[in-house]
Amino acid sequence: MAANGNGEFSFGKGTARKGLAKIQTAASQKKQSAICHDDSTPPVKAQTIDELHSLQKKRSAPTTPIKGTPGSFSPVSEEARQKQQLQSISASLASLTRETGPKVVRGDPARKAETPKFAADPSDHFSFTPTISVSDSSLKFTHVLYNLSPAELYEQAIKYEQGSFIASSGALATLSGAKTGRSPRDKRVVKDETTEHELWWGKGSPNIEMDEHTFLVNRERAVDYLNSLDKVFVNDQFLNWDPQNRVKVRIVSARAYHSLFMHNMCIRPTPEELENFGTPDFTIYNAGQFPCNRYTHYMTSSTSIDLNLARREMVILGTQYAGEMKKGLFSVMHYLMPKRQILSLHSGCNMGKDGDVALFFGLSGTGKTTLSTDHNRYLIGDDEHCWGDNGVSNIEGGCYAKCIDLSREKEPDIWNAIKFGAVLENVVFDEHTREVDYSDKSVTENTRAAYPIEYIPNAKIPCVGPHPKNVILLACDAFGVLPPVSKLNLAQTMYHFISGYTALVAGTEDGIKEPTATFSACFGAAFIMLHPTKYAAMLAEKMQKHGATGWLVNTGWSGGSYGCGSRIKLPYTRKIIDAIHSGSLLNANYKKTDVFGVEIPTEVEGVPSEILDPENTWADKQAYKETLLKLAGLFKRNFEIFTNYKIGKDNKLTEEILAAGPNF
Ligand SMILES: Nc1ncnc2c1ncn2[C@@H]1O[C@H](COP(=O)(O)OP(=O)(O)OP(=O)(O)O)[C@@H](O)[C@H]1O
Ligand SMILES: O=C([O-])CC(=O)C(=O)O
Ligand SMILES: [Ca+2]
Ligand SMILES: [Mn+2]
């Protein structure tokens, strides 16, 4: 069948004949015979198909030049180094009730012929000789797929994991299983003598206690599950671009999807850094396919995400949602960094050409990734940062963008980052063309893409910057009563930071489908470990010291509440953000609003002035007033739990913050 140029299809007649006749012209016959007699390509140097296939892959170059002077004997041989690495991994996977770690070997069990030299020779296997309590588990080897490349992880995913496909853009489309969002109610933190006093416990806290023993029960369950597999993935990577406060993390997981996700989201070590990696500071055991035991104390479902700060370990059972790993590590940073007087932040961060840095705080779905990814500015990071004495640093090495209704026009940089190497979670695509339909919510509303930060063309590498000039608090206000932008004084900034308001629209947290007002202290209560006032005091101190201005930006509804009005157009929000960055908004004319008492500008370039005061956009003024008071009431009620706390050393600031809330 062929197209005939008129757009019709025809068999045989004319076209095919002509084609056939053409080949048999004298000239081409001459050419053909010439080719036949002058076959200059020598045959392949292989006797068998296996040999031929072995030619295809070249051994990777040694990661770093052999240390020592040329010709002299290297102090640490490649062999010894690989042995050390396997020893470290076996130690990570050691069950606590048996004497030894499992026998581990490098390489893919399915590719015996290709297993790297050091693992192929049995004398090079790292193993202990089991003494007592021999069981089948001590007789087997667990293959370790160590820091595989994205290409290798693609192959693993596509071969072995159902629901893995290559999307037409080149990204790896995967399914996260039954859970398509985080499970904050299933998070547990070990309460011991130290954490009992250090951490925030009780009402409002995300830290639901568990005892050390129960942690060990779950750890054993996860480790035994992982060791029962033929192969596990191990990622050794870093957190935090600030070299003085870098944290070494190891992630042990059972899925190529998890390994690629963390490859993208954590900082990728150079070959030399990997060689000198040594012992990790923190280890995640992700046994997400395997449930926890309901009969285990403290368990309320088949999912458990357990954090043990003393052991520097996290165990994941019963959820494959990859965001748990990212945000689990973020919790760890929320504990470690404040101890060093460094503030950890659930925020995006970018920098202008002149070095002006902006932070974007906000709960899930409020626009941190969307608005920090700005073609005219350098991206420092989209979700997790540290603010220390030298400025800001990104904790991660990648971005995690919401994909629902993603469009090339509105978010070109994110769209283009979803290419080979990126992980696409829970999206729906055309079964034939593999083209993704970003509007499809069949699997979940919380579809996501995880890509390395350098996939954004104007990413700032290394991802660090000077002290922030603007602190932008994002709220997606489904009530439609918060102004698109307001300027805040320091006390108001702290009030709104501690409140952490948004109205969740999509389901990043498992199970949330309808919009509801949410208050989440520090715009990330699910991840903080200390009392919110600790972080708030640090933020106030830093903002004051460095003269940063606070802003409240509503990326949510205008012209009425959810269901009546509509979401503020992204181009308008971008114009507002531009005016904040440029400094022009600082010099605008302002009026003070009733109830919330914030300053709203009368004009912003590129934004219709009538939408700047939400009252103008509501047809029913009475409904507007009632909704405004309703929201203000929710703020007041939420803040009650904080009224007995002092913020920082300054009583004056505490009083100012308490007075900075809505007044009615
Ligand atoms: N006016 C607006 N401002 C910002 N985002 C908007 C606006 N209108 C629609 N959106 C959409 O809202 C979503 C914002 O999600 P984004 O990924 O930026 O969330 P996030 O704050 O990074 O959350 P998370 O912490 O869960 O990653 C995007 O899908 C974006 O397209
Ligand atoms: O953690 C996630 O699943 C996504 C995210 O960034 C958030 O919820 O803040
Ligand atoms: Ca994000
Ligand atoms: Mn986030």
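Kindly evaluate LYS419 against the criterion of being of a type outside the set (Val, Ile, Thr), within 10 Å of ligand 1 (Cβ to nearest atom) and touching a residue at least 40 places away in the same chain (Cβ under 8 Å). So LYS419 does not fit the description; no.
What do you reckon, is VAL76 open to solvent by 50 Å² or more (accessible area, probe 1.4 Å) and either on the phi > 0 side of the Ramachandran plot or modelled with pLDDT of 55 or more (or both)? When the stated conditions are applied, VAL76 passes them. Of the listed requirements (1) open to solvent by 20 Å² or more (accessible area, probe 1.4 Å); (2) over 16 Å from TYR590 (Cβ atoms), GLU605 misses just one: (2).
Considering the range 608-652, the residues that are exposed (fewer than 12 other Cβ atoms within 10 Å of the Cβ) and hydroxyl-bearing (Ser, Thr, Tyr) include one that is farthest from ALA525 (Cα to Cα), namely SER609.
Looking only at strands (runs of 3 or more DSSP E) that fall completely inside the range 235-330, which ones have 1 or more residues that are in contact with a Cys (Cβ under 7 Å, 6 or more places away or on another chain)? Give the derivation first.
Numbers: elements: 247-253, 282-287, 304-308, 313-317.
Hits in the range 235-330: 247-253, 304-308, 313-317.
If only one of ALA358, ALA422 is away from ligand 4 (no atom under 16 Å from the Cβ), within 14 Å of the chain's Cα centre (by Cα) and open to solvent by less than 20 Å² (accessible area, probe 1.4 Å), which one is it?
Values: ALA358 fails: within 14 Å of the chain's Cα centre (by Cα).
Selected residue: ALA422, the only one of ALA358, ALA422 that is away from ligand 4 (no atom under 16 Å from the Cβ), within 14 Å of the chain's Cα centre (by Cα) and open to solvent by less than 20 Å² (accessible area, probe 1.4 Å).
Looking at the structure I just gave you, is ARG182 of a type in the set (Lys, Arg) and in contact with a helix residue (DSSP H, G or I) (Cβ under 7 Å, 6 or more places away or on another chain)? Yes: the conditions hold for ARG182.
Every residue, every condition in (1) free of Cβ contacts under 8 Å to residues at least 40 places away in the same chain; (2) surrounded by fewer than 20 Cβ atoms within 10 Å (Cβ to Cβ); (3) not in a loop (DSSP other than H, G, I, E, B), yes or no:
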residue	(1), (2), (3)
CYS522	no, no, yes
PHE527	no, no, no
LEU530	no, yes, no
GLY550	no, no, yes
SER561	no, no, no
CYS564	no, yes, no
TYR572	no, yes, yes
ILE576	no, no, yes
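Out of the residues in the range 168-197 that are more than 16 Å from ligand 2 (Cβ to nearest atom) and among the charged types (D, E, K, R), state the one that is most open to solvent (accessible area, probe 1.4 Å). Step by step, filter the range 168-197, then rank; the result is GLU193. For the range 389-419, give me each residue that is away from ligand 4 (no atom under 16 Å from the Cβ), buried (at least 23 other Cβ atoms within 10 Å of the Cβ) and not hydrophobic (A, V, I, L, M, F, W, C). The answer is SER393, and nothing else. Annotation note: of TYR400, TYR455, TYR438, TYR451, the sole residue that is modelled with pLDDT of 95 or more and over 19 Å from GLY365 (Cα atoms) is TYR455.
Just one residue in the set THR279, THR270 is surrounded by fewer than 24 Cβ atoms within 10 Å (Cβ to Cβ) and within 25 Å of ASP192 (Cα to Cα); that residue is THR279. When we screen SER344, SER364 for residues that are farther than 21 Å from ASN446 by Cα, of a type in the set (S, T, N, Q) and surrounded by 21 or more Cβ atoms within 10 Å (Cβ to Cβ), the only hit is SER344.
The values are calculated or read from the model by the stated rules, or taken from the named source; none is laboratory data. If you're wondering where the values come from, they're calculated on a predicted model, not measured in any experiment. Please note: Cβ atoms are built from the backbone with ideal geometry, for glycine as well, and neighbour counts cover all protein chains shown. Quick note on the areas: whole protein, heavy atoms, side chains included, nothing else; ligands and nucleic acids left out. Shrake-Rupley method; radii C 1.70, N 1.55, O 1.52, S 1.80 Å.
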